[in-house]
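Q: Encoded as structure tokens, here's the structure I'll be asking about.
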């Protein structure tokens, strides 16, 4: 869908998170954004509240908003654009970059600026978890435990993430989950992982829900039952080869209905950001609620 470009909206607004990813890369990107100030506008944000305020202040001045950071930055920017005619783009600077990888966003400013000039967009679904927005994946279990630990770690990057994942896996214990759909119990069992997915991957090309599509109007739920930990390496291989759903320990559910999750485990994550949720968790799908910049690299979605 083409967006009209007016005198006030001919520049995209880049929201840079200087704390994302590796500091040297962030420094280089910051300098490059400054060098291209005739082609774009950019601001630095030091917190979630800061990002939300800056977007609100500039919402009517731009058509395209670029989240320059990781999945947390993307989540924050997107949450202020949902339901509007504004377009979300990404300059990936994070550790996992799950959303960016799904939509073909690369660390290539020249290519991104070319896509911005076309102002062509894709309408995608978003998932609501209680009052929270989910673009990518959310859940309970191994990935959420890692997210909580990673949040407390000062180091960033792929290697610390792998180390924390291994540590959490060795300490992993099953938790009980009940899932209801239209008042009927469809799941009541112990699990290692419960993932609520809008797209296919956690990030770093780890595909937890290979069949998920962000514009199909469905919530994808992936349940991983307790399995012998000696099979952990096999699960990793299947995760990175889009074959996790072939395991007998994995169940995949798709629905366009509201679901209710009940569990005593409170350590959740949404788009990789840790949070605690107590009581019922209500999950809904919102159809075509967010516009995402179409890129020349995007092969996942091809809307007319």
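The values are calculated or read from the model by the stated rules, or taken from the named source; none is laboratory data. Computed from a predicted model, the values in this text were never measured in an experiment. Here Cβ is always computed from backbone atoms with ideal geometry, including for glycine, and neighbour counts include all displayed protein chains.
Q: How about region 185-207: which of its residues are crowded, with 22+ Cβ neighbours inside 10 Å, in contact (Cβ under 8 Å) with a residue 60 or more places away in the chain and within 17 Å of residue 255 (Cα to Cα)?
A: 194, 196, 197, 198, 199, 200
Q: When you look at residue 242, is it assigned by TED's automatic domain parsing to the domain that holds residue 168, outside any helix (DSSP H, G or I), free of Cβ contacts under 8 Å to residues at least 12 places away in the same chain and out of contact with any helix residue (DSSP H, G or I) (no Cβ under 9 Å at 6 or more places or on another chain), yes or no?
A: When the stated conditions are applied, residue 242 does not pass them.
Q: Hey, can you tell me all the residues within region 257-300 that are outside any loop (DSSP other than H, G, I, E, B), loosely packed, with under 14 Cβ neighbours inside 10 Å and over 20 Å from the mean Cα position of the chain (by Cα)?
A: Answer for region 257-300, where residues must be outside any loop (DSSP other than H, G, I, E, B), loosely packed, with under 14 Cβ neighbours inside 10 Å and over 20 Å from the mean Cα position of the chain (by Cα): there is none.
Q: Give all pairs with beta carbons closer than 9 Å in which a residue from region 213-236 that is outside the structural domain of residue 260 (by TED's automatic domain parsing) and closer than 30 Å to residue 287 by Cβ meets a residue that is modelled with pLDDT of 95 or more and assigned to a helix (DSSP H, G or I); count only pairs at least 6 apart in sequence or on separate chains.
A: none
Q: Working only within region 245-284, note down all residues that are out of contact with any strand residue (DSSP E or B) (no Cβ under 7 Å at 6 or more places or on another chain), in contact (Cβ under 8 Å) with a residue 40 or more places away in the chain and over 15 Å from residue 141 (Cβ atoms).
A: 273
Q: For residues in region 108-127 being within 21 Å of residue 25 (Cα to Cα) and in contact (Cβ under 8 Å) with a residue 40 or more places away in the chain, which is surrounded by the most Cβ atoms within 10 Å (Cβ to Cβ)?
A: Restricting to residues being within 21 Å of residue 25 (Cα to Cα) and in contact (Cβ under 8 Å) with a residue 40 or more places away in the chain, the top hit is 112.
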